[in-house]
Amino acid sequence: MRLVFLGGPGSGKGTQAKKLVEKFGLAHISTGDLLRKAIKEETKLGLTAKKYVDSGELVPDDVILGMIKEELTRERRGFIFDGFPRTLAQANGLEKILGEMSLDIDYVVNLQVADDLIIERLGARRLCKGCGFEYNLKTRPPQAGGKCDQCGGELFRRSDDNDEVIKNRLSVYREKTKPIEEFYRVRGKLVEIDGSLDFDEVFEAITKSVGVG
Ligand code: ADP
Ligand code: ZN
């Protein structure tokens with residue numbers, strides 16, 4: 001199974017992708033996670049990417065496509081791209097890379113969530129420093145107040161989850177990423193999912209629509 005998860009910031013892509021890869025033994029390829037790791041480790045890639053990520057702008061396409069190529073050199077039974085592609089140039093680049101490997105995307109899952117709900121969700125989002133598990137103080141709070149239920153780690157707020165940067169991420173999404181929906185629609189791959197529902201309901205809708213639920 002090879003999937004792309006499309007959807008604005010805070011649409012739940014990452015959380016849903018993690019659950020699906022766990023259940024089906026897929027690789028989770030999140031460009032956002034890869035970039036944050038590179039920034040933390042201060043690699044050359046990280047140093048290039050930092051200013052874009054901090055301001056909610058997109059990292060240049062050639063940098064991202066280089067990263068993806070590298071990820072795909074390892075043997076993959078199946079994968080979910082989370083947060084990639086994000087521009088038409090990336091979508092075209094991906095088609096070319098996969099074509100050279102005689103592979104194709106099965107479905108593109110588009111998680112739709114209204115802007116006001118996105119802003120509310122990202123404001124309440126907290127992540128675990130230890131294991132990366134994602135909480136929402138309103139809808140999915142940790143049981144043991146302030147600490148991670150999975151590993152006891154400390155919870156933190158992502159540095160680009162502040163009002164100003166969130167607004168920019170939303171407008172960048174509308175301008176640069178939205179057009180990809182049409183790219184995959186004409187290829188018959190786009191699956192529309194209402195991402196405003198509860199976590200479990202969204203997961204069920206996704207598994208049904210990609211034929212594993
Ligand atoms: P979200 O979807 O919630 O905005 P991500 O973790 O997917 O969060 O992305 C965080 C940031 O990383 C983006 O705002 C952007 O700067 C950068 N980024 C991630 N994926 C890409 C990509 N495919 N192309 C360009 N920039 C990216
Ligand atoms: Zn944890």
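Bear in mind that the values in this text are calculations on the coordinates, not laboratory data. All figures in this text were calculated on a predicted structure; none of them were measured in a lab. Note that each Cβ is placed from the backbone with ideal geometry, even for glycine, and that neighbours are counted across all protein chains shown.
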**Request:** Would you point out which residue out of Glu192, Glu134 is out of contact with any Gly (no Cβ under 9 Å at 6 or more places or on another chain) and either more than 13 Å from ligand 1 (Cβ to nearest atom) or under 23 Å from Glu204 (Cα atoms) (or both)?
**Result:** Glu192
**Asked** Restricting the first residue to region 120-135 and requiring it to be farther than 14 Å from Gly146 by Cα, which pairs with a second residue that is away from ligand 1 (no atom under 15 Å from the Cβ) and β-branched (Val, Ile, Thr) meet a Cβ separation below 9 Å and a spacing of at least six or different chains?
**Response** Arg121/Thr139
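Looking at this structure, is Gly83 crowded, with 20+ Cβ neighbours inside 10 Å and more than 16 Å from ligand 2 (Cβ to nearest atom)?
On the way: crowded, with 20+ Cβ neighbours inside 10 Å: yes; more than 16 Å from ligand 2 (Cβ to nearest atom): yes.
It is true that Gly83 is crowded, with 20+ Cβ neighbours inside 10 Å and more than 16 Å from ligand 2 (Cβ to nearest atom).
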**Asked** Across region 172-191, what is the number of residues that are of a type in the set (D, E, K, R) and either more than 16 Å from the chain's Cα centre (by Cα) or within 19 Å of Arg125 (Cβ to Cβ) (or both)?
**Response** 5
**Subset of region 142-166 (residues that are more than 20 Å from Gly32 (Cβ to Cβ), surrounded by 12 or more Cβ atoms within 10 Å (Cβ to Cβ) and hydrophobic (A, V, I, L, M, F, W, C))** = Cys151
**Asked** Going by the structure shown, is Gly99 away from ligand 1 (no atom under 14 Å from the Cβ) and over 15 Å from Arg36 (Cα atoms)?
**Response** yes
**Asked** What about Lys37, is it of a type in the set (Lys, Arg) and touching a residue at least 60 places away in the same chain (Cβ under 8 Å)?
**Response** no
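Name the residue, out of Thr139, Thr207, Thr177, that is exposed (fewer than 14 other Cβ atoms within 10 Å of the Cβ), touching a residue at least 60 places away in the same chain (Cβ under 8 Å) and not small (Gly, Ala, Ser).
On the way: Thr207 fails: exposed (fewer than 14 other Cβ atoms within 10 Å of the Cβ); Thr177 fails: exposed (fewer than 14 other Cβ atoms within 10 Å of the Cβ).
Among Thr139, Thr207, Thr177, only Thr139 is exposed (fewer than 14 other Cβ atoms within 10 Å of the Cβ), touching a residue at least 60 places away in the same chain (Cβ under 8 Å) and not small (Gly, Ala, Ser).
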**Exclusive hit being within 16 Å of ligand 2 (Cβ to nearest atom) and touching a Pro at 6+ places or on another chain (Cβ under 7 Å), set Tyr173, Tyr135** = Tyr135
